[in-house]
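Since every read-out is calculated from the coordinates, none of them should be taken as a lab result. Just so you know, these numbers come straight off a predicted model, no measurement behind them. Counting neighbours? That spans all protein chains shown, and the Cβs are built from the backbone with ideal geometry, glycine included.
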Amino acid sequence: MNAEARPILVIGGGIAGITAAVEAAEVGYRVILVEKEPSLGGRVIRTHQYFPKMCPPTCGFEINIARIRRNPRIEVHTLATVEELSGTVGQFTARIRKRPRYVTGEHPVDDSLIEQLTSERANDFNAGMDKTKALYLPHDMAYPPVHVLDREALSETDAEIIAGADPAGAIDLDMTDEEIEVEVGAVIVATGWRPYDATRLDNLGFGQYPNVITNVMMERLAARRGPTGGEIIRPSDGKNAQNVAFVQCAGSRDENHLPYCSAVCCMASLKQTRYLRQKNEDSRVTIFYIDIRTIGSQEKFYQEMLDDANVSFVKGKVAAIAEEPGTGDLLLDVEDTLSGENLHEQFDMVVLATGMVPNTADVELPLGLTYDPYGFIDGSTEVEGVYAAGCATRPCDVSRVTKAATAAALKAIQCLNRGE
Ligand SMILES: Cc1cc2nc3c(=O)[nH]c(=O)nc-3n(C[C@H](O)[C@H](O)[C@H](O)COP(=O)(O)OP(=O)(O)OC[C@H]3O[C@@H](n4cnc5c(N)ncnc54)[C@H](O)[C@@H]3O)c2cc1C
C-alpha cells in the first residue's frame, strides 16, 4: 500500500461509484466521490425490488451508506460535477463545480416551514408522477440526509416566507456555485445511464395516452413510498391496472432508436410481472417480445412466469398503440410471428420496456475518453489512470456492475502503487 498516494476520484454516486469508493477506501485509500444529483444512489435506489433476490434496494443501500459514514477516507460531494481534469496518472488535478443546495446542512429544516410553502416541482425520484415542495428531501433514505431547494421552482412569495421564517440559518438563498480543485492519483468514471426518451417512439403513444407508462415509472408505481403508495393503478383514472401489456425492446434493438440490446429489460419486465401478480391475484399480463433474454442463471425467473396461467407471452413487435375513446383503455396492434395472426388486443395499461442510454451519450466528460457509437465509454478507457465501470460502459445488471466497479477500484489502486 502506498501511504503517500493521492486520493482516487470517483465520478458518479450510483451503485457502481459507491462500490468502487467503499472497496478502495476499505483497503486504506482516500476517495473523493462526486455525484451530480443532491443525493447518492443512482437508479437502483428508485427500484421497488431488485432481481434476482427481489429485495428492496434500501437494504443494500443502507449497508453501503453505513460503510461510507464510518470511513473517514471517503469525501462525498453532491450536486457536483468534474469540469476539468489535467495532469497524468498519479498526478491529476480535477476542477469540481458544486451547484448550490441553498440548505446549509448545519441546522435541520423545520417541517412547519416546508408546510407553509406552496411552490412545487415535478418529483424526478418518482419519475415525474407526482410533485414535491420546492424545498424537499430527495427521498426517505437520502444520503446526505439534507434537504435541497429547487431555486427555479421557488416563487417570490415563498422566498419571502423562507427569508422571514428561517432564524436558525438552515437555508441560505444567496448560495452560489462553488469551484474546488483536488489533486488525485486515479479516476473512476461511473456515470451510469438514463432511460431512452419514450416520446420518440411515436407509434407507441407515450406522452399521448396517460396509461402508456415506462418501466422506470412502473418501478415507482409498485413502490410503497412511490406516488400511489405501492398500488399499481392507472394514471388516467386511478383504476386498478388489472390487465397489463409489456412491450419489450421499446426502442432497443432498433436501428431507428437504440441498435443495441439494453440487457436488463426482459428481466425487469418479468420482475414487474411478479409485482402485478403478487399484488393482485386476478391480474393478467401479456408480454410482447422479440426474444426473451434473461441474464446468465436467471432463466428460472422466466420459467416461473411461463408456468403462470395468467401470464401470456406473444412473440411479435407491437406496431401501434391507440386509446379507446372514453375508457382510457389501450388497443395494441401486433403480428404474432409464431401463428402469423394479426392481433388487436385491449389492455388497461401498457408498460414500455425502454432501454438504457449512457449519460455520456450527449455530454462527454472532460477526461479525453473514447466512446463507442452510442456514447458508452469504450473498454476501461485509453487514458492511463482513468477507469470506467457500470452502465457507463454497457447496459448491465447490479451484480455485473458491482464486479466491474470492484475491478476498477483494483485498477486504480494498482496504478497508485506502480513505481513504488
Ligand atoms: C426498469 C429497470 C429495472 C431494473 N431493475 C434491476 C434489478 O431489479 N436488478 C438489477 O440487478 N438491475 C436492475 N436494473 C439495472 C440497474 O438499474 C443498473 O444496473 C444500475 O443502475 C447501474 O448502476 P450505475 O451505478 O452504473 O449507474 P446509475 O444507477 O445510473 O448511477 C450513476 C450515477 O452517476 C451520476 N452521474 C451521472 N453523470 C454524472 C456526472 N457527470 N458527474 C457526477 N455524477 C454523475 C448519476 O446521477 C447517478 O447517481 C434495472 C434497470 C431498469 C431499466
Fluctuation leader among LYS36, LYS317, LYS53 - the chain, Gaussian network, Cα springs under 10 angstrom: LYS53
Residue among LEU306, LEU33, LEU367 with the largest mean-square fluctuation in a Gaussian network model of the chain, springs linking Cα atoms under 10 Å: LEU306
Candidate aspartates and glutamates for bridging to LYS53, where Cα separation is under 18 Å - those fewer than 8 sequence places away on the same chain excluded: GLU62, GLU219, GLU299, GLU304, ASP397
Euclidean distance between Cα centres, region 274-306 to region 121-183, Å: 39 Å
Long-range amide H partners of TYR143 with built H, under 5 Å: LEU40
Highest-fluctuation residue, ALA407, ALA268, ALA319 considered, GNM on the chain with Cα pairs under 10 Å: ALA319
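Give me the percent relative contact order of the chain, please, defined on Cα pairs under 8 angstrom at least 6 residues apart. Intermediate results must be reported in sequence, preceding the final value.
Values: 896 pairs, mean separation 80.5, N = 420.
Across the chain, relative contact order equals 19 percent.
Determine, for TYR374, TYR209, TYR143, the number of other Cβ atoms within 10 Å of each Cβ, and report the residues in order from fewest to most.
Numbers: TYR374 15, TYR209 20, TYR143 23.
The order, fewest Cβ neighbours first, is TYR374, TYR209, TYR143.
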For VAL187, distant residues with modelled amide H under 5 Å away: LEU9, VAL386, TYR387
Helix axis angle, 265-279 relative to the chain longest principal axis, alpha carbon, degrees: 70 degrees
Theoretical gain in end-to-end length, GLU304 to GLU384 [0.36 nm per residue, Cα-Cα removed]: 24.2 nm
Principal-axis tilt of helix 398-417 within the chain, Cα atoms, nearest 10 degrees: 20 degrees
Sorted by Cβ neighbour density within 10 Å, fewest at the top, the residues LEU154, LEU343: LEU343, LEU154
Among PHE246, LEU85, ILE8 - extreme Cα towards positive end, dipole of the chain, charges at beta-carbon: ILE8
Sequence of SER283, SER112 once ranked by neighbouring C-beta atoms within 10 Å, starting from the fewest: SER112, SER283
Other-chain or far-sequence residues with amide H under 5 Å of ILE171's (modelled H): THR104
Selection from TYR260, LEU270, LEU367, by position along the positive dipole direction of the chain (Cβ): LEU270
Peptide ranges 328-335, 185-192 listed from the most packed, as the mean C-beta count within 10 angstrom indicates: 185-192, 328-335
Whole-Hz ³J(HN,Hα) from phi, Karplus 6.51 cos²θ - 1.76 cosθ + 1.60, for region 62-75, glycine and proline x: 4, 5, 5, 5, 4, 5, 5, 4, 8, 10, x, 7, 9, 10
